[in-house]
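Report on the structure given below.
The values are calculated or read from the model by the stated rules, or taken from the named source; none is laboratory data. Here the structure is a predicted model, which is why all the values come from computation and not from measurement. As a convention, Cβ positions derive from the backbone with ideal geometry for all residues, glycine included, and neighbour counts pool all protein chains shown. Accessible surface areas use protein heavy atoms only, side chains included; no ligands, DNA or RNA. Shrake-Rupley method; radii C 1.70, N 1.55, O 1.52, S 1.80 Å.
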Number of protein chains: 2
Amino acid sequence: MERITIAHGAGGTIMANMIKNYILKHLGGSSAEVPLEALDDSAVVDGIVLKSDSHAVKPLFFPGGDIGRLAVAGTVNDIAMIGAKPLALTCGMVLEEGLPLTDLDKILGSMEQTCKEAGVYVVTGDTKVIENSGFGGCVINTSGIGKRTAALDHNIAEVKKHRQFSSRWLLDSNLRAGDKLIVSGTVGDHGVTILSAQEGYNFGSNIKSDVTPLNNLTLKLLEVGGIVAMKDPTRGGLSNSLNEWSTKSDVGLMIHELNVPLRGDVKAACEMLGIDPFEIGNEGKVLIGVVPQKAEEVLATLQETKEGKKAAIIGEATDNFSEVVLETVVGGKRIMAPPVGDPIPRIC
Amino acid sequence: MERITIAHGAGGTIMANMIKNYILKHLGGSSAEVPLEALDDSAVVDGIVLKSDSHAVKPLFFPGGDIGRLAVAGTVNDIAMIGAKPLALTCGMVLEEGLPLTDLDKILGSMEQTCKEAGVYVVTGDTKVIENSGFGGCVINTSGIGKRTAALDHNIAEVKKHRQFSSRWLLDSNLRAGDKLIVSGTVGDHGVTILSAQEGYNFGSNIKSDVTPLNNLTLKLLEVGGIVAMKDPTRGGLSNSLNEWSTKSDVGLMIHELNVPLRGDVKAACEMLGIDPFEIGNEGKVLIGVVPQKAEEVLATLQETKEGKKAAIIGEATDNFSEVVLETVVGGKRIMAPPVGDPIPRIC
């Protein structure tokens with residue numbers, strides 16, 4: 001009998017197959033403007049942007065954040081990625097018998113702080129308790145709604161000055177040959193932080209999670225304009241996000257390895273552990289597709305912000321091939337295949 | 001150190017205190033039309049009705065339903081209770097390593113079927129997997145959005161023909177002295193079903209869960225009109241719901257025990273187990289507050305439906321006292337205090 005494995009939740013090809021063969025087989029079928037079948041960061045129904053994320057990160061507290069900060073930022077960011085402004089959140093908690101109430105208080109305090117940073121509120125919720133089974137203390141689902149803003153309309157108008165564009169939202173399927181690809185900062189920080197906390201590794205460094213709400217940042221970028229797609233490269237990392245873009249947009253992506261921002265200590269940790277820093281999850285980073293005429297301006301705006309100081313143009317979309325191709329540091333080229341799954345379990 | 005116990009999720013006074021002392025301390029504060037602080041069935045923000053429910057029922061499959069049916073019906077019903085039409089759902093699953101994929105398929109098939117009955121679609125979702133720890137196979141969060149309909153406006157216009165009414169939604173705080181209380185069918189069926197499945201009891205009967213979406217039923221009732229509040233008496237049962245109404249509306253409620261529909265076998269099972277059938281959860285039942293002039297018409301409409309055949313007027317709101325008072329079968333009167341918590345764990 002086939003059973004659920006950790007890989008079914010790890011954001012790679014095994015998970016993608018489960019979604020197709022089980023979830024899409026039964027659910028979906030709506031006439032929503034952006035439906036379940038799009039498998040985009042958020043859905044759009046009757047003009048309302050809707051997103052749901054369950055968070056099962058282990059441990060609950062880690063350098064740079066905790067499950068509360070992750071839960072708020074995760075859903076806020078998914079709503080922001082489609083180009084919308086987050087309006088309100090829900091909070092559905094499943095608590096494990098035995099969780100200290102002081103931990104619950106810290107988690108809720110962290111949600112409060114992160115909501116303040118993002119400028120959103122939790123407006124409804126639900127709490128269930130299950131018996132002590134060692135599953136990790138708590139899982140939190142945050143769902144949220146968002147709406148269209150004038151900034152998104154302005155952004156799309158800027159795109160249309162330079163090329164044809166028929167989408168009303170920033171979708172995975174929007175990339176075309178010539179678009180530039182930008183990442184807002186160093187990749188792999190969150191994944192290495194979580195793995196270190198899970199396994200008790202100490203890489204003699206101060207690597208910490210980058211988890212943060214990005215909606216204020218993305219709003220600034222939309223005001224610059226020219227952006228065709230945004231995506232937060234969480235489970236499966238940069239590699240998974242780029243492959244989703246390539247497949248859904250039916251376009252090749254050329255990535256220049258030398259240009260991808262990567263901390264030296266994260267790189268060293270990944271080498272030591274034999275994992276690919278491009279396949280592990282990020283939380284406070286955004287991948288941006290932008291028309292070439294606006295790429296430098298978007299980059300400059302990013303680099304003026306706290307979250308985007310290390311932003312870089314890492315590649316471009318092309319019709320010369322149909323895969324994601326990595327031009328390596330030594331000048332060779334290899335296909336960056338979609339990961340089977342994020343190598344680090346319970347990363348978010 | 002104080003720790004989370006099963007009672008913190010059981011829908012009674014212990015849970016209410018945790019919500020006040022931990023959740024409301026940190027979250028809320030929005031200017032939403034119906035905010036978190038209202039602790040109503042759903043929130044309303046910018047005209048959008050929003051609700052989130054996490055489902056951790058044990059076992060996953062039980063007579064009359066399963067976690068998939070429960071997850072869809074639970075959120076659809078909460079949106080319906082405030083008087084809205086459910087528009088779309090989200091599905092956030094946390095799966096346990098080892099869950100047979102055939103079980104996942106059955107659960108998703110059940111969600112599909114229940115969505116069809118309710119006329120809604122799942123438009124977005126998220127799936128996480130956590131290691132095998134025996135927590136029960138899966139928990140499902142469904143969140144959803146809904147909107148105002150002409151039927152709700154008509155319903156409120158009918159209320160206003162008979163008394164002052166200032167609310168735009170069907171809220172827990174809307175009851176006034178004189179309003180009649182109706183329950184749509186027999187109480188306690190779901191709770192006794194779950195307890196029997198958990199403990200392997202066999203009461204020699206065919207008690208099964210009543211879990212079902214109620215939005216088509218509530219729409220019919222709004223078309224009759226005169227309804228001031230609706231609530232689905234889930235965790236903590238009839239007693240918890242009535243006490244919430246009494247407290248939030250600042251009105252006494254008189255309940256006639258003889259009139260409360262109760263199956264003989266459910267009554268017998270509760271007596272054998274020493275639990276109060278009014279304190280255990282229901283899933284496919286609705287408690288209705290209605291102006292007295294429309295009570296008989298609403299009741300007659302209910303009784304014509306499959307779900308409402310055994311509906312009954314069970315009491316009325318009054319200014320003569322401020323609590324929930326039960327007039328017992330033998331004619332005595334006692335205060336129906338809010339339950340400390342639902343006596344049956346993981347009922348939904």
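Among the residues of the range B:39-57, count how many are assigned to a loop (DSSP other than H, G, I, E, B) and either surrounded by 18 or more Cβ atoms within 10 Å (Cβ to Cβ) or in contact with a Phe, Trp or Tyr (Cβ under 7 Å, 6 or more places away or on another chain) (or both). Please lay out each step first, then the result.
Step one: filter the range B:39-57 for residues assigned to a loop (DSSP other than H, G, I, E, B), giving B:39-42, B:46-47, B:56-57.
Of the ones still in play, those that are also either surrounded by 18 or more Cβ atoms within 10 Å (Cβ to Cβ) or in contact with a Phe, Trp or Tyr (Cβ under 7 Å, 6 or more places away or on another chain) (or both) are B:39-42, B:56-57.
Residues flagged as assigned to a loop (DSSP other than H, G, I, E, B) and either surrounded by 18 or more Cβ atoms within 10 Å (Cβ to Cβ) or in contact with a Phe, Trp or Tyr (Cβ under 7 Å, 6 or more places away or on another chain) (or both) within the range B:39-57 amount to 6.
Name the residue, out of B:GLY136, B:GLY109, that is surrounded by fewer than 24 Cβ atoms within 10 Å (Cβ to Cβ), touching a residue at least 12 places away in the same chain (Cβ under 8 Å), of a type outside the set (D, E, K, R) and in contact with a His (Cβ under 9 Å, 6 or more places away or on another chain).
Details: B:GLY136 fails: in contact with a His (Cβ under 9 Å, 6 or more places away or on another chain).
Of the residues listed, the single one that is surrounded by fewer than 24 Cβ atoms within 10 Å (Cβ to Cβ), touching a residue at least 12 places away in the same chain (Cβ under 8 Å), of a type outside the set (D, E, K, R) and in contact with a His (Cβ under 9 Å, 6 or more places away or on another chain) is B:GLY109.
Filter the range A:133-156 down to the residues that are assigned to a loop (DSSP other than H, G, I, E, B) and at pLDDT 95 or above, then identify the one that is farthest from B:PRO59 (Cα to Cα). Can you show your working first?
We begin by selecting, within the range A:133-156, every residue assigned to a loop (DSSP other than H, G, I, E, B); these are A:133-137, A:148-149.
The next check asks that each one be at pLDDT 95 or above; those that pass are A:137, A:148-149.
On the way: A:GLY137: 20, A:ARG148: 41, A:THR149: 44 Å.
So the residue we want is A:THR149.
Working only within the range A:76-101, note down all residues that are of a type in the set (S, T, N, Q) and more than 7 Å from chain B (Cβ to nearest Cβ). Give the steps one after another, and end with the answer.
Narrowing the range A:76-101 to residues of a type in the set (S, T, N, Q): A:77, A:90.
Result: A:ASN77, single match.
Tally up the residues in the range A:259-295 that are in contact (Cβ under 8 Å) with a residue 60 or more places away in the chain, open to solvent by 50 Å² or more (accessible area, probe 1.4 Å) and among the polar types (S, T, N, Q), please.
So the answer is 1.
Within the range B:164-181, take every residue that is open to solvent by less than 20 Å² (accessible area, probe 1.4 Å) and under 16 Å from the mean Cα position of the chain (by Cα) and give me the one that is nearest to B:HIS154 (Cα to Cα).
Here the residue is B:LEU170.
In the range B:115-129, which residues are buried (at least 24 other Cβ atoms within 10 Å of the Cβ) and β-branched (Val, Ile, Thr)?
Correct list: B:VAL120, B:VAL122, B:VAL123, B:THR124, B:VAL129.
For residues that are more than 7 Å from chain B (Cβ to nearest Cβ) and in contact with a Ser or Thr (Cβ under 8 Å, 6 or more places away or on another chain), tally how many sit in the range A:41-59. Spell out how you get there, then give the answer.
From the range A:41-59, those more than 7 Å from chain B (Cβ to nearest Cβ) are A:41, A:44, A:47, A:49, A:55, A:57-59; that's our starting set.
Within this subset, residues satisfying the condition of being in contact with a Ser or Thr (Cβ under 8 Å, 6 or more places away or on another chain) are A:49, A:55.
Residues flagged as more than 7 Å from chain B (Cβ to nearest Cβ) and in contact with a Ser or Thr (Cβ under 8 Å, 6 or more places away or on another chain) within the range A:41-59 amount to 2.
Can you give me the number of residues within the range B:151-163 that are small (Gly, Ala, Ser) and over 24 Å from the mean Cα position of the chain (by Cα)? Outline the logic, then answer.
The initial filter retains those residues of the range B:151-163 that are small (Gly, Ala, Ser), namely B:151, B:157.
Among the residues that remain, those that are also over 24 Å from the mean Cα position of the chain (by Cα) are: B:157.
So the count comes out to 1.
What is the residue count in the range B:177-229 for residues that are at pLDDT 95 or above, out of contact with any helix residue (DSSP H, G or I) (no Cβ under 8 Å at 6 or more places or on another chain) and of a type in the set (Asp, Glu)?
Qualifying residue count, the range B:177-229: 0.
Might you let me know whether the range B:82-101 holds any residue that is part of a helix (DSSP H, G or I) and either open to solvent by 10 Å² or more (accessible area, probe 1.4 Å) or within 24 Å of A:VAL45 (Cα to Cα) (or both)?
Just the residues of the range B:82-101 that are part of a helix (DSSP H, G or I), to begin with: B:101.
Imposing the further condition that a residue be either open to solvent by 10 Å² or more (accessible area, probe 1.4 Å) or within 24 Å of A:VAL45 (Cα to Cα) (or both) reduces the set to none.
No, the range B:82-101 contains no residue that is part of a helix (DSSP H, G or I) and either open to solvent by 10 Å² or more (accessible area, probe 1.4 Å) or within 24 Å of A:VAL45 (Cα to Cα) (or both).
Condition first: more than 7 Å from chain A (Cβ to nearest Cβ) and buried (at least 19 other Cβ atoms within 10 Å of the Cβ). Now tell me which residues in the range B:17-38 satisfy that.
Matches in the range B:17-38: B:MET18, B:VAL34, B:ALA38.
Quick one: is B:LEU70 surrounded by fewer than 24 Cβ atoms within 10 Å (Cβ to Cβ), more than 9 Å from chain A (Cβ to nearest Cβ) and part of a helix (DSSP H, G or I)? Quick ask: steps written out before the conclusion?
Values: surrounded by fewer than 24 Cβ atoms within 10 Å (Cβ to Cβ): no; more than 9 Å from chain A (Cβ to nearest Cβ): yes; part of a helix (DSSP H, G or I): yes.
Judged against the criteria, B:LEU70 is not a match.
Tell me, please, whether a residue that is open to solvent by less than 50 Å² (accessible area, probe 1.4 Å), over 27 Å from B:VAL72 (Cα atoms) and part of a strand (DSSP E or B) can be found in the range B:326-339.
So far as the range B:326-339 goes, yes, one or more of its residues are open to solvent by less than 50 Å² (accessible area, probe 1.4 Å), over 27 Å from B:VAL72 (Cα atoms) and part of a strand (DSSP E or B).
Filter the range B:263-282 down to the residues that are among the acidic types (Asp, Glu) and in a helix (DSSP H, G or I), then identify the one that is nearest to B:SER241 (Cα to Cα). Step through it out loud before you land on a result.
Taking the range B:263-282 as the starting set, the residues that turn out to be among the acidic types (Asp, Glu) are B:265, B:271, B:276, B:279.
In the following step, the residues that additionally are in a helix (DSSP H, G or I) were identified as B:265, B:271, B:279.
On the way: B:ASP265: 23, B:GLU271: 22, B:GLU279: 9 Å.
Ranking the candidates gives B:GLU279 first.
Taking A:THR13 and the conditions (1) in contact with a strand residue (DSSP E or B) (Cβ under 8 Å, 6 or more places away or on another chain); (2) more than 10 Å from chain B (Cβ to nearest Cβ); (3) hydroxyl-bearing (Ser, Thr, Tyr), which numbered condition does it fall short on, given that it satisfies the others?
Every condition holds for A:THR13 apart from (1).
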